[in-house]
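**Student:** Quick one: the structure is below, and I'll ask about it shortly.
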Amino acid sequence: MEQINFAILSFAHIHAWNYARVLKKLQHANLVAIYDDDFKRLKKASSTFKVEKAYKDYRKLLEREAIDAVIITSENARHAELALASAEAGKHILCEKPIATNLNDSDEMIRTAEKNDVKLQIAFVMRYHPATAEVKKLIEEDSIGNIISITATNHGKYPGEWFGDPILAGGGAIIDHTVHVADLIRWYTNDEVSQVYAEAGENIRPELKVEDNALILLKMKKGIIASIDPSWSRPDEWPFWGDVYLFVVGERGCIVVDAFSQHIQIASKENRKLTYSYYGTDPDEEMIKSFIQVITRDEEPLASGFDGRQALEIALAAYESIKRRKPVKLPLNL
């Protein structure tokens, strides 16, 4: 397999740091250059990962560096800007979720990638986690019969910084955490959402300008019902970030998956708190390995730009439902 030269565009998102670690580890990946408009982040990232080619202007990076692909991990509102420039430069794209903060941007990203014959993969990392991938296999093997309902949660802590900015993030917990499990629900059911109803509660953190807890109800075209709790409901002191949990009910049984249950909890007098150590598969690594294979074998991504767009539409419909105080039909017509 040939080696793929990468650039990471922005370290604004926390996931960028693990993606960079994975790139430095993989035999068929080479982290050539990085971009960030924040000098402190740029300096820290270039030093941490020993990348000499560090840019404050992504246009110069795309023009000068011999790279095959980019990983976009900027603030959500900047995904489209960076993706469009990368696609026009002929670079394959792995874009952090959500794909964008509005449907017009996501549609333009998809069109531009197709026009320039580049791959556009969305970082729906849970499609690459062995536990959630096994659920897909069991469903396809008809282990529980036709699906009737799915209950899903993606809890977490408030990430801080720009995640609390409604412009840069596009919202709060809903747009941040809904898209992962909404994507799994679409993947498992091979179906699209027809109706969304959502409620946002009083903020756990009243100082935030975005919502940090909500509950979303979905109805699929085939009649399956689903619920998603995407809340930043974990306190800051919680020893780990959260969960990805699904309860899938079928005609002949059910499947329960707690994706990050492979962990050790440690309590000691020395640190005076409960600590958490995950030891399962690194889904970030599996996702990037798959992306490299998509490029080298000219395959379609398991999580495509269209998948990113559809998950975003569900999150945006949740916001619209909260605004209207009633269920919202899909496709959206805003």
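**Student:** Looking at segment 218-240, which of its residues are surrounded by fewer than 16 Cβ atoms within 10 Å (Cβ to Cβ) and aliphatic (A, V, I, L, M)?
**Tutor:** Filtering segment 218-240 down to residues surrounded by fewer than 16 Cβ atoms within 10 Å (Cβ to Cβ) leaves 221-223, 225, 235-239.
If the condition is that a residue be surrounded by fewer than 16 Cβ atoms within 10 Å (Cβ to Cβ) and aliphatic (A, V, I, L, M), then Ile225 is the only one that fits.
**Student:** Hey, among Ile144, Ile139, which residue is touching a Phe, Trp or Tyr at 6+ places or on another chain (Cβ under 6 Å), over 19 Å from Ala69 (Cα atoms) and not in a strand (DSSP E or B)? Spell out the reasoning first.
**Tutor:** Values: Ile144 fails: touching a Phe, Trp or Tyr at 6+ places or on another chain (Cβ under 6 Å).
Unique residue meeting the criteria: Ile139.
**Student:** Of the conditions (1) of a type outside the set (Ser, Thr, Tyr); (2) outside any helix (DSSP H, G or I); (3) surrounded by fewer than 22 Cβ atoms within 10 Å (Cβ to Cβ), Pro301 satisfies every one except a single condition; which number is it?
**Tutor:** The number of the failed condition is (3).
**Student:** Then there is this: Within segment 150-187, how many residues are acidic (Asp, Glu), crowded, with 24+ Cβ neighbours inside 10 Å and out of contact with any helix residue (DSSP H, G or I) (no Cβ under 8 Å at 6 or more places or on another chain)?
**Tutor:** Final tally of qualifying residues: 0.
**Student:** Further question on the same structure: Criterion first (modelled with pLDDT of 95 or more and crowded, with 18+ Cβ neighbours inside 10 Å) does Arg127 satisfy it?
**Tutor:** Spelling it out, Arg127 is indeed modelled with pLDDT of 95 or more and crowded, with 18+ Cβ neighbours inside 10 Å.
**Student:** Still on this structure, please answer the following. Suppose we filter Arg252, Arg324, Arg297 for residues that are basic (Lys, Arg), within 30 Å of Arg205 (Cβ to Cβ) and either touching a Phe, Trp or Tyr at 6+ places or on another chain (Cβ under 9 Å) or at pLDDT 95 or above (or both); which single one remains?
**Tutor:** Arg324
**Student:** Would you pick out the residues in segment 107-122 that are outside any helix (DSSP H, G or I) and either surrounded by fewer than 24 Cβ atoms within 10 Å (Cβ to Cβ) or of a type in the set (A, V, I, L, M) (or both)?
**Tutor:** Asn116, Asp117, Val118, Lys119, Leu120, Ile122
**Student:** A follow-up question, please. Give me the strands (runs of 3 or more DSSP E) completely within segment 1-106, filtered to those with at least 3 residues that are surrounded by 17 or more Cβ atoms within 10 Å (Cβ to Cβ) and touching a residue at least 12 places away in the same chain (Cβ under 8 Å), ordered by residue number.
**Tutor:** Details: elements: 4-9, 29-35, 53-55, 69-72, 92-95.
Strands (runs of 3 or more DSSP E) meeting the threshold: 4-9, 29-35, 69-72, 92-95.
The values are calculated or read from the model by the stated rules, or taken from the named source; none is laboratory data. In this text the structure is predicted, and so the values were computed from the model without any measurement. All Cβ positions, even for glycine, are placed from backbone atoms using ideal geometry, and neighbour counts span all protein chains on display.
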